[in-house]
Amino acid sequence: MADFLIKPPRRTVKEIPLAPILDLLTVVIFFLILSTSFEEVRQNTIPQSQLIKPDSADTAKPEIPLNPKVLLAESQNSYKIVVTWTGDHPGSLSKNVAKDNQDYNKNLYQMTQELLDQYIQKFPNEKTIQIGFESKISFQNVITIYDAVYSKLKDIVLLSNVDSDAILSSR
Amino acid sequence: MKFGKTHRHEPHEPQLATMIDVFSILIIFLIAGTAMDSSILQIPSDIKLPATISDDTIINAPQITIQGETIWFSVTKQKYPLNLFSEANMGTQEFLDLKNVLTQALAENSKQSNAIIKNESADYLNLVAEKSTPYKDIFLVVKNLKDIGFKNIVFVGTVQKK
């Protein structure tokens, strides 16, 4: 009868122990930060030269290598991009691009891509290409052409300025 | 009949003090993190790097800086004349000394890479150069460094928006 007079035990609400969780998160954050890099600079790697092993079907009839090249020459107001190759059906493509005052000449980048697209349509299985520049071409333009070529073909070999000058002057 | 007062639930208060501590540390590291790359590369303040749209991030490797008519190596922390790499100076004692130092640095880097993490950065070299540097200088340096044994030369540039 006197049960209702007894005060019922007070319900205690369990508190989530936030402090150890936060400690743990602190440690995790350290590792997250250490594994993150906030980049201001980027890289372009000139890879090692590679030999492409021909398929067994091709060994019967060895083809003349294409030796494709992308070359850049500079005149007073413009650049000349040349894509040239040898092989059974030698040929070349070229385009002139006007100079601009921008650091990164986007036209140069786009025109190089367009020329390479035409080349790749002709030779879709060719994966390696050489890039060469006139001696006076600036490092910025080397990078611009490299970016454009690398977006289409991954195996890039640098051609010497002496060879590039010789090829360009003979054209 | 119960007329007892109903128990009032008190809302939980988040522990703000500890959270603020954590976020303070987080902010400090985020700010410091933005400059992490500069510890990998030592870029002179007066050099204008070329822009690139490459997405590849920088790796930890020895550095060479071409600025004007001089080259600087992170390995020796010394400046050398650029024409040291020209055909005419190939046989000079200064060139041979530099070649020895770089060969040793390459071997040391390779040993460390194999011992700690088996990655490919042993024969990498970061090339930092002024954007106006002519190609003949770039190629001269790249060719000689490849001959020494640095198989992968990394051109360093600033980020260009696509």
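The values are calculated or read from the model by the stated rules, or taken from the named source; none is laboratory data. Note that this is a predicted model, so its numbers are computed, not measured. Neighbour counts are summed over all protein chains in view; Cβ atoms, including those assigned to glycine, are modelled from backbone coordinates with ideal geometry. Ligands, DNA and RNA are excluded from the accessible area calculation, which covers all protein heavy atoms including side chains. Shrake-Rupley method; radii C 1.70, N 1.55, O 1.52, S 1.80 Å.
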Compute the distance in nm between two label points, each set 7 Å from the Cα along the Cα-to-Cβ direction, one at A:L32 and one at A:K14.
2.6 nm
Ranked packing of A:83-96, A:7-20, most packed first, by mean Cβ within 10 Å
A:83-96, A:7-20
What average number of partner chain Cβ atoms lie no more than 10 Å from the Cβ of the residues making up B:44-54?
6
Could you name every residue in region B:129-161 that has 40 Å² or more less accessible surface in the full protein assembly than in its own chain alone (probe 1.4 Å, ligands and nucleic acids excluded)?
B:K131, B:Y135, B:K136, B:F139, B:N152, B:F155, B:V159, B:Q160
Along the dipole axis of region A:56-170 (charges at Cβ: +1 for Lys and Arg, -1 for Asp and Glu; origin at the Cα centre), the most positive-end residue among A:I64, A:Y150, A:A166 is A:Y150
Within 10 Å of each Cβ in A:25-33, the average number of Cβ atoms from other chains
3
Loop-resident sites, region B:69-106, for GluC sites (Glu not before Pro), counting at most 16 other Cβ within 10 Å (DSSP)
B:E69
Could you size up the charge dipole of region A:56-170 around its Cα centre, putting +1 on the beta carbon of Lys and Arg and -1 on that of Asp and Glu, and report it in debye to the nearest 20?
120 debye
Tell me the total accessible area that A and B bury against each other, 1.4 angstrom probe, in square angstrom rounded to 100.
4600 Å²
Which whole number gives the average count of other chain Cβ atoms within 10 Å of the Cβ atoms across peptide A:8-14?
1
Suppose a student asked you for the relative contact order of region B:41-159, using Cα pairs under 8 Å spaced at least 6 residues apart; what percent would you report?
35 percent
Region A:147-171 to region A:73-118: how many Å between their Cα centroids?
11 Å
Projected label distance in nm at A:D23 and A:S151, using a 7 Å step from Cα toward the beta-carbon
5.2 nm
Please list 3J(HN,Hα) in residue order for region A:135-144, calculated via the Karplus relation 6.51 cos²θ - 1.76 cosθ + 1.60 where θ = phi - 60°; whole Hz, with x for glycine and proline.
4, 8, 4, 6, 4, 4, 6, 4, 5, 4
Note: B:M90 to B:F29 extended length (0.36 nm per residue) minus current alpha-carbon separation gives 17.3 nm
